[in-house]
Structure formats: structure tokens, C-alpha cells
Amino acid sequence: MDLSYGPHAETFRGEVRAFLAASWRPGDCRGEALAQHVRAFRTVAAQQGYLYRNVPRRYGGGEQPIDVVRAQVIREEFRRVGAPMEAPGNGTAMLVPTLLERGTEAQRQRFIPPTIAGDLVWGQGYSEPGTGSDLASVRCRGDLVDGRWVINGQKIWTSEGGRATHMFALIRTEPDAPKHEGISYLLIDLDQPGVTRRPIRQMTGGAGFYEFFFDNATTPADWIVGERGQGWRISRTTLKHERANIGSAEGLGAQYEKLVELARTVQRAGRPAIEDPEIRQALIRIEGSVLSHRCSSYRLFSLAAAQEDPGRLGLMMKLFLTETGHEIALLAQELIGDAALLQPAAAGARGRGPEKWLDQIMGSLGNSIAGGASNIQRNIIAERGLGLPRDLAMGGEA
């Protein structure tokens, strides 16, 4: 296996390093000063073509041709010096690529520049009480009245809901149409009368998700992405980008390294847990999964560089990553023992000991739901990747 990028990529790496040496100088900046430095750095990096590479310059992006090798070099070099990549969140990861693919020119001009600048923060308004993974059953309703959509209903499990300024949401605008054809994809300003947000207290003690209630809230008629009733198709575009941004081979490897360090630190029967044969065997099994995921990521990288379709491999990566992450969490839970009974760090505890793992242990359950539940992913792999018939319970034929 040849993991080198070639001489052209290494020349480009030198250019990136020179740019970072000249432009990323946070020094002792803290608080607002650091935030301003990050903002200015991202602007310059985009102008130089290092960030927001797929976003046209007229929207504030780098407007570079697709080049997965150069993109990987940029990620590696930015990570090496701790320089910020694109602003995190639903807006840059999901809405911006959706607007580039399916939005109008006016929508791109209106929403993309302030989103990548961090001025607009987007919540994802998909789930509702009782809908779960069946997003097509949403009931939050929108009626077009005098040039504005009037919205009534509820959304739940909204990430970034506490600081979100706007929401992209699936709203039922055609109540008499079949459920997949009666949904529209609307953009909503959350700072208005008729919008109520409430934090959802999680088992960690934190409140990373919010629920929203809409009581005659409104949004302009032209803040609809796609046509009326096309929201289901638009939402699949957004979910494609969401799944692509959940975790990475580097992130999974870092989790595993921390797990090994935990096994070296905690005691079991008077000796480091890593000396226990059962623990070592469990670590080896997990390491095999981590290395398999990394190898698959290399394959995806090579296929993308060659502009080849990844096929079923692309469908499997999110599922495999979340399943392996859960295995890491389960072993960590066994290793920390009674520390699992302490208060999670998210609830206000400082979490300097093994109990700092509690947030990841509990969060691993949520990762199996985010971006499409694991069982839904298995159905997608079976039907689209392997060509198997639909489940009988889902209307398939024997």
C-alpha cells in the first residue's frame, strides 16, 4: 500500500506551511481577542483557497476545484499547528452545501456569507415527538398566507438549539398529499414572536439539545428551498452531508489511544488493567476495528482522488464508526468501575479522574441515532448497497 501523496502534493504542503507560519499567530490571545483572530484568519484562509474550498468566492469561499489530496494536506497541516478549519456547526456542514446544490441564487447570497462567517447559527428542525427515524411523518404545519408561511407545531432534539439564530426545517405544507410529497424545506428566523425554545435535560446533566414550539411563527414565502412538496428530497441532500461529517478515522483512533491510556492508568486486582489478559484481548479486538476503519478511509480517499464511486463502502462508514465508538465506550465503562456512579462532567463536576469518560460513554448511544439510526443505516446498506429486497414489514415482497 503506497500512502505517499506524490511530489506535487508535497510541494503544496510547503505552501500551506508557509501560509500558516505567516497567518496563524494566536500567541497569548484569549476570549474575544482570540475569537477575532480566528475570524480574521478564516477570512484570509478562504481568500487564499485553503478554507471553504467548494464555496464560490462571491459567497466568501475559496472557490477551488475539487482536489481531495490537497484538501487532505490542508487538514493535516492545519491540525499540526492547531489552526482552525471551517466554522463548525449545522450551517457550514449541512445547510451551505445544500444551498449550493439545491438553493436559489438569492438564497445563496442571503445566507451563505453570514453562515460561514459565523454570524448565522443554524439548528436542524427535522425530528418531532413521535416521528423518530420516520421523518416523512412530520406534522409541524406551514400555511402560505399573504406571502408568508405561518408555522405551527413542534421540533425536538435540535442540536445547537441554545444559540441557534435560524433553523432549516421540514414542514408539512401539503396536508392532503402523500406523506413523502407533502413536506417542504423552509428556512426560519428563530428570533421572532411565536417561537419558544426549551432545553432538554439529558442523562449527563447537560442540555445539548433543545425543543422548539411554533405558534403562528412566520417566514417569507421565498425562504423555501426547492419547490413546495420537495422537502423530502432536499432533506436527503442535507442528511448526506450530515453523515459525511460524523466522526473520522483520526477521531476514532484518538478515542482508542485514550482508551489504552485508561487501561494503563486504572488498577485491576492490584495491577494496571492493561495487564489483565481479558482486557488486552478486548483492546486487541477494538484495535482491529479501528485499523479496519482507517484502512477503509484510505480506500475512500483513493477512490475520491480517482473520482470513482465508493459504492457500498461509502454507506458503511458511518455505521462502522458509531458501532466501534460504542465498543470503546463499553470497555471504558468496565474499566472505570465505581467511577461510573459519579456525577458526569456535563452536570457541573470537574471530572479530572476516570469519571470524565461518562460523557463519551453516554454520548456513544446518541451517536448511533444522529444522522440516521444504525438500524436505518443497515436497511440502506442492505437495499442500496447489496440490492436485497425491502423488509416485508416495510412493504417488500417475499
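None of the figures in this text is laboratory data; all of them are computed from the coordinates on show. None of these values were measured; they are calculated from a predicted model. When we count neighbours, we look across all protein chains shown, and the Cβ atoms used for this are built from the backbone with ideal geometry, even at glycine.
Compute the Kirkwood hydrodynamic radius of the chain, taking the inverse of the mean of 1/r over all pairs of distinct Cα atoms, and give it in Å to one decimal. Kindly include the intermediate steps, with their values, before the conclusion.
On the way: mean 1/r = 0.0426 Å⁻¹.
Computed over the chain, the radius equals 23.5 Å.
Given segment 246-394 reduced to its alpha-carbon atoms as identical point scatterers, what log10 I(q)/I(0) does the Debye formula return at q = 0.10 Å⁻¹?
-0.44
What Rg and what Dmax come out for segment 121-229 when only alpha-carbon atoms are used, in angstroms?
Values for segment 121-229 (Cα only, Rg and Dmax): 13.4, 45 Å.
What net charge is computed for the residues neighbouring PHE111, neighbours being all others with C-beta under 14 Å from the C-beta of PHE111, Lys and Arg scored +1, Asp and Glu -1?
Details: positive: ARG58, ARG102, ARG108, ARG110; negative: GLU101, GLU105, ASP119, ASP189, ASP222.
Once positives and negatives cancel, what remains is -1.
Label-point separation (nm) for GLU76 and GLU257, each offset 7 Å from Cα along Cα-to-Cβ?
1.5
As a test of the formula, what do you get for the chain when each DSSP H run with n ≥ 4 contributes -39,500 (n - 2.57) and the sum is divided by the residue count, at 222 nm and rounded to the nearest 500 deg cm²/dmol?
Numbers: 11 runs with 169 residues, N = 398.
It comes out at -14000 deg cm²/dmol, rounded to the nearest 500.
Would you kindly compute the Cα radius of gyration of segment 54-109 and its largest Cα-Cα separation (Dmax), both in Å?
12.8, 38
Select from the chain the helices, each a whole stretch of DSSP H, whose alpha-carbon atoms run 15 Å or more along the helix axis and whose Kyte-Doolittle mean is at least -1.0; answer none if there are none. Mind dumping the intermediate values first?
Values: long enough: 7-23 (24 Å, -0.11); 31-47 (25 Å, 0.01); 68-81 (20 Å, -0.19); 105-116 (16 Å, -0.82); 231-244 (20 Å, -1.25); 249-265 (24 Å, -0.25); 277-305 (42 Å, 0.16); 312-336 (37 Å, 0.72).
Taking the DSSP H segments of the chain (at least 15 Å long, mean hydropathy at least -1.0), we get 7-23, 31-47, 68-81, 105-116, 249-265, 277-305, 312-336.
Please sort 115-125, 57-67 by packing, taking for each peptide the average over its residues of neighbouring beta carbons within 10 angstrom, highest first. Mind dumping the intermediate values first?
Numbers: 115-125: 21.8, 57-67: 15.7.
With the highest mean Cβ count within 10 Å placed first, the list reads 115-125, 57-67.
Put a dot 7 Å past each Cα toward the Cβ at ASP215 and ALA9; how far apart are the dots in nm?
For ALA9 paired with ASP215, the spin-label model returns 5.6 nm.
Can you give me the distance in nm between label points at ARG17 and ALA339, each placed 7 Å from the Cα along the Cα-to-Cβ direction?
Roughly 3.8 nm, to one decimal.
Can you figure out the FRET efficiency of ASN152 with CYS29, using R₀ = 41 Å and their beta-carbon distance, to the nearest 0.05?
On the way: r = 45 Å, r/R0 = 1.11.
So the FRET efficiency works out to roughly 0.35.
I'd like the Kirkwood hydrodynamic radius of segment 20-145, using the inverse of the mean 1/r over distinct C-alpha pairs, in Å.
Numbers: mean 1/r = 0.0603 Å⁻¹.
In segment 20-145 this quantity evaluates to 16.6 Å.
What fraction of the Cα pairs in segment 7-86, stated in percent, has a spacing above 18 angstrom? Intermediate values should be presented prior to the final figure.
Numbers: 1270 of 3160 pairs.
Everything past 18 Å amounts to 40 percent.
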